[in-house]
Amino acid sequence: MLRIGVLVSGGGTNLQAIIDKVKSGEVSNTEIAFVISNNENAYALTRAQNAGIAAECVSPKKYASRAQFEEALLDTIDAYQVDLIVLAGFLVIIPEAMIKKYKNRIINIHPSLIPSFCGTGAYGLHVHEKALARGVKVSGATVHFVDEGTDTGPIILQKAVEIKEGDTPEVLQRRIMEQAEWIILPRAIDLIANGKVEVVDGIAHIIGE
Ligand code: GRF
């Protein structure tokens, strides 16, 4: 059984997709051990509580320094002894100590087809603003392992989504969530839980599919 912890900052629709698919069995061999948010008002925490999952807030506001916050975050995560950490809309830069400790055991969902529209400053609606400003006809989402860079880790899954004439960043964001994020994030967890993802020389391979 793969024990996962999910880190969130906002509404938690990606978290909800994971919860629903673990419940339905579409994501197999997986147990959600905790949900942690940096934001105490995140609706994702309510979603976790409604599903009977341990939910905690580790807020930077409660600590005197960034280093203390990062230490508390890592201590809280370590206490749950999980196999995989899932960043599902977590708007905190992951401490380097955590990346080192959980190498190839942290995954993130990014709302574009990496390497387009990613890196520093490409989060939330900004990603979709950049895609529309460039006039691309296709965008999508990417699930990748987290390494020391920003959105540079091994790519596990991607799914393309069509851009339509007249799209606003908000409309595109919603379509990418519905047609890509809520599908490939749970799918990536299921693949990892069933031993089907292998990283060799910085490239993630899906095996036995
Ligand atoms: C998603 O668009 C995700 O790709 C991005 O933040 C958003 C999170 O949404 N990183 P939610 O909290 O899962 O609803």
Those residues of the stretch 138-159 which are closer than 20 Å to ILE184 by Cβ and either of a type in the set (Phe, Trp, Tyr) or loosely packed, with under 13 Cβ neighbours inside 10 Å (or both) amount to VAL138, PHE145
Hey, does the stretch 94-109 have a residue that's open to solvent by less than 30 Å² (accessible area, probe 1.4 Å) and farther than 30 Å from GLN68 by Cβ?
no
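Quick grid of which residues meet (1) of a type in the set (Val, Ile, Thr); (2) more than 29 Å from GLN173 (Cβ to Cβ); (3) in the same structural domain as ILE184 (by TED's automatic domain parsing):
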position	(1), (2), (3)
THR46	yes, no, no
ILE53	yes, no, no
LYS61	no, no, no
SER65	no, yes, no
PHE69	no, no, no
LEU74	no, yes, no
ILE77	yes, no, no
TYR80	no, yes, no
LEU87	no, no, no
With criteria (1) of a type in the set (Val, Ile, Thr); (2) touching a strand residue (DSSP E or B) at 6+ places or on another chain (Cβ under 7 Å); (3) in contact (Cβ under 8 Å) with a residue 60 or more places away in the chain; (4) within 12 Å of the ligand (Cβ to nearest atom), THR13 comes up short on (2)
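Name the residue, out of ALA122, ALA160, that is touching a residue at least 24 places away in the same chain (Cβ under 8 Å) and under 27 Å from ALA97 (Cβ atoms). If you could, list the steps in order and put the result at the bottom.
Numbers: ALA160 fails: under 27 Å from ALA97 (Cβ atoms).
Selected residue: ALA122, the only one of ALA122, ALA160 that is touching a residue at least 24 places away in the same chain (Cβ under 8 Å) and under 27 Å from ALA97 (Cβ atoms).
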In the stretch 48-71, anything in contact with a strand residue (DSSP E or B) (Cβ under 7 Å, 6 or more places away or on another chain), in a loop (DSSP other than H, G, I, E, B) and open to solvent by 30 Å² or more (accessible area, probe 1.4 Å) is listed as ALA54
Scanning for something within 15 Å of the ligand (Cβ to nearest atom), surrounded by 20 or more Cβ atoms within 10 Å (Cβ to Cβ) and within 17 Å of THR13 (Cβ to Cβ), does the stretch 116-129 turn up at least one residue? yes
Scan the stretch 37-47 and tell me whether some residue there is on the phi < 0 side of the Ramachandran plot, away from the ligand (no atom under 15 Å from the Cβ), assigned to a loop (DSSP other than H, G, I, E, B) and surrounded by 15 or more Cβ atoms within 10 Å (Cβ to Cβ).
no
Considering residues that are open to solvent by 50 Å² or more (accessible area, probe 1.4 Å), more than 16 Å from the ligand (Cβ to nearest atom) and in contact (Cβ under 8 Å) with a residue 12 or more places away in the chain, the number found within the stretch 72-93 is 2
Q | Yes/no for ILE203 being among the aliphatic types (A, V, I, L, M), open to solvent by less than 70 Å² (accessible area, probe 1.4 Å) and at pLDDT 95 or above | A | no
If you go through ARG134, ARG174, the only one that is open to solvent by 20 Å² or more (accessible area, probe 1.4 Å), more than 12 Å from the ligand (Cβ to nearest atom), free of Cβ contacts under 8 Å to residues at least 60 places away in the same chain and of a type in the set (D, E, K, R) is ARG134
Residue pairs within 7 Å by beta carbon, gap of at least six or interchain, first lying in the stretch 191-202 and free of Cβ contacts under 8 Å to residues at least 40 places away in the same chain, second open to solvent by less than 60 Å² (accessible area, probe 1.4 Å), listed first then second, are LEU191/VAL197
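The values are calculated or read from the model by the stated rules, or taken from the named source; none is laboratory data. What you see is a predicted model; the values in this text were computed from it and never measured. With ideal geometry, Cβ positions are generated from the backbone for all residues, glycine too; neighbour counts draw on all protein chains shown. To get the accessible areas, we keep the full protein, side chains included, count just its heavy atoms, and leave off ligands, DNA and RNA. Shrake-Rupley method; radii C 1.70, N 1.55, O 1.52, S 1.80 Å.
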